[in-house]
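Each reported figure results from applying straightforward, stated rules to the coordinates on display, with no laboratory input. Here the structure is a predicted model, which is why all the values come from computation and not from measurement. All Cβ positions, even for glycine, are placed from backbone atoms using ideal geometry, and neighbour counts span all protein chains on display.
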Amino acid sequence: MIEEPYRWVEAIANRAEYIETQLATGSPIVVLGYRDGILFLTLGKTRQKLFEIYDRIAMGAIGHPGDIERLRMTAIELASTEGFTRSAADVSLRRLAHYSLSPVLKTAFEQVYGAPYLARLLFAEIGAKQENDLFLRLDYDGAIATNSATFAQTRQDFGVLSGTRPSTELMENYLAAEHSAGATFERALKLALDAWTVGHLALGDAGVKELPARDKIVTERKERLRAAGIEAAVLDRDDKTAIRYRALTEPEIRSALGD
C-alpha cells in the first residue's frame with residue numbers, strides 16, 4: 001500500500017513523457033490580435049489545424065487527429081447547448097475551458113489505465129474591444145494558460161502553440177518584443193509567419209535557447225513557404241454579423257504578403 005502513491009506518480013510521469021514525445025513534431029500555431037480582429041495562422045501540408053467553435057470563438061490544435069476531433073466536437077456541443085439554453089452572448093471561452101474542457105482533459109490524463117488525449121489546444125475569443133480579447137492555451141493535462149495580466153506578467157495580445165515548451169517560449173519571447181496591438185492585418189500576417197518560423201526552428205534544434213538571427217528567420221520562412229501551404233483564418237471584430245470566423249484563401253494570403 002505504501003508504494004501505491006509512488007507508482008501512480010511514476011505512471012503519470014511516464015505518461016507525460018510519452019505524450020510530449022508524440023506532440024514534439026507538431027507544427028506551431030500563432031494567434032495574433034490586430035487592429036480589426038484576431039488572426040490564426042499555421043503552415044502544413046495535409047491536415048486542418050484551425051477550426052470555428054462558436055460565434056466569437058475559434059480554435060487551433062496539434063496532436064492526434066482523432067483526439068482533436070473529439071475535443072472539437074465536445075467544445076462545439078457545449079457551446080451550442082449553452083447558447084440554446086441561455087443565449088449566444090452567454091457563451092464564454094472561460095466557462096468552456098475552465099468548467100468543461102479542462103476537467104475532461106485532466107481526468108483522462110490522470111486515469112492511468114485509460115487513454116489520454118494526445119492534443120494541445122489554443123483558443124481565442126474576440127471581444128467588443130481589443131482589450132477584451134481572450135487567448136487561452138489548454139494542455140493535455142488540463143492546464144490552462146491565458147493572456148491575462150498577473151503579478152508576474154503584463155497582458156499579451158497574442159497566443160502561441162507548439163510541439164515543445166522551449167519552442168513555445170521562444171515564440172512568446174519573439175512576439176512580446178515585436179508585436180503591437182494596433183498592427184494592420186498585413187503586418188500581423190507577416191509577424192505571425194516570422195513567429196511560426198521561430199517556433200519551427202526551435203523544434204529542429206532542441207538545445208536552442210535564444211532567438212535566431214533575423215536573416216536566418218527570413219531564409220527559413222521563404223524555404224518553408226515554398227514547401228508547405230499556409231492555413232489562416234480571422235475572427236472579425238465587426239459586430240454587424242453574429243459569426244465572426246472567416247477562413248482565408250491561399251491567394252488572399254499571398255496577396256496580403258505581396259507575393
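Full extension of the chain segment joining Ala227 with His64 gains 56.5 nm, where the gain is 0.36 nm per residue of separation less the Cα-Cα distance.
Counting alpha carbon pairs within less than 8 Å and at least 6 residues apart, what relative contact order, in whole percent, applies to region 139-259?
Values: 95 pairs, mean separation 22.3, N = 121.
The value is 18 percent.
Phi angles of region 88-100 translate, via the Karplus equation with coefficients 6.51, -1.76, 1.60 and θ = phi - 60°, into HN-Hα couplings of 4, 5, 7, 6, 10, 5, 4, 5, 4, 7, 6, 9, 10 Hz per residue; Gly and Pro are given as x. As a check on your grasp of the helix formula, calculate [θ] at 222 nm for the chain: sum -39500 (n - 2.57) over DSSP H runs of n ≥ 4, divide by the residue count, round to the nearest 500. Mean residue ellipticity at 222 nm (helix-derived): -13500 deg cm²/dmol. Among Leu96, Leu136, Leu50, which one shows the highest mean-square fluctuation when the chain is modelled as a Gaussian network with alpha-carbon springs under 10 Å? Largest GNM mean-square fluctuation: Leu96. From least to most packed, judged by other beta carbons within 10 angstrom and beginning with the fewest, Thr164, Thr81, Thr197 follow the order Thr81, Thr164, Thr197. Note on the chain: with charges restricted to the Cβ of Lys and Arg (+1) and Asp and Glu (-1), its dipole about the Cα centre is near 400 debye. A Förster distance of 22 Å, applied to the separation of the beta-carbon atoms of Ser80 and Tyr113, puts the FRET efficiency at 0.10. For the options Ile217, Ile29, Ile126, a Gaussian network treatment of the chain with springs between C-alpha atoms closer than 10 Å singles out Ile217 as fluctuating the most. In terms of its alpha-carbon gyration tensor, region 148-259 comes out oblate; a/c meets the 1.5 threshold, while b/c is at least as large as a/b.
Listed values for region 7-15 are Karplus-derived 3J(HN,Hα) couplings in whole Hz (6.51 cos²θ - 1.76 cosθ + 1.60, θ = phi - 60°), namely 4, 5, 4, 5, 5, 5, 5, 5, 5, and x replaces Gly and Pro. Along its first, second and third principal axes, ordered by size, region 29-254 spans 53, 49, 40 Å in Cα coordinates. Work out, step by step, the length gained on full extension between Lys190 and Ser100: first 0.36 nm times the residue separation, then minus their alpha carbon distance; give nm to one decimal. In short, 28.9 nm is gained.
Expressed as a rounded percentage, what relative contact order does the chain have, with Cα pairs under 8 Å and six or more residues apart?
Contact order relative to length: 26 percent.
Remark: spin-label model distance Lys129-Ala89 equals 1.7 nm, labels positioned 7 Å along the Cα→Cβ axis.
For the cross-link pairs Lys45/Lys240; Lys49/Lys209; Lys45/Lys209; Lys45/Lys129; Lys129/Lys216, the ones whose C-alpha atoms lie over 32 Å apart are Lys45/Lys240; Lys45/Lys129; Lys129/Lys216. Across the options Phe109, Phe51, Ala16, the greatest Cα extent toward the positive end of the charge dipole of region 11-112 (unit charges at beta carbon of Lys, Arg, Asp, Glu) belongs to Phe51.
Residue by residue, region 179-187 carries 3J(HN,Hα) couplings of 8, 10, 4, x, 5, 6, 4, 4, 5 Hz when phi is fed to the Karplus relation 6.51 cos²θ - 1.76 cosθ + 1.60 (θ = phi - 60°); x denotes Gly or Pro.
Going by neighbour counts of Cβ atoms within 10 Å, the residues Trp196, Trp8 line up, fewest first, as Trp8, Trp196. Each residue, Glu250 and Thr46, gets one label point 7 Å from its Cα in the Cβ direction; the gap between the two is 1.7 nm. For region 25-144, what class follows from the C-alpha gyration tensor (a ≥ b ≥ c being the square roots of its eigenvalues): rounded when a/c is under 1.5, otherwise prolate if a/b is larger than b/c, else oblate? Note, shape of region 25-144 comes out oblate. The magnitude of the dipole of region 1-136, with charges of +1 and -1 set on the Cβ of Lys/Arg and Asp/Glu and taken from the Cα centre, is near 320 debye.
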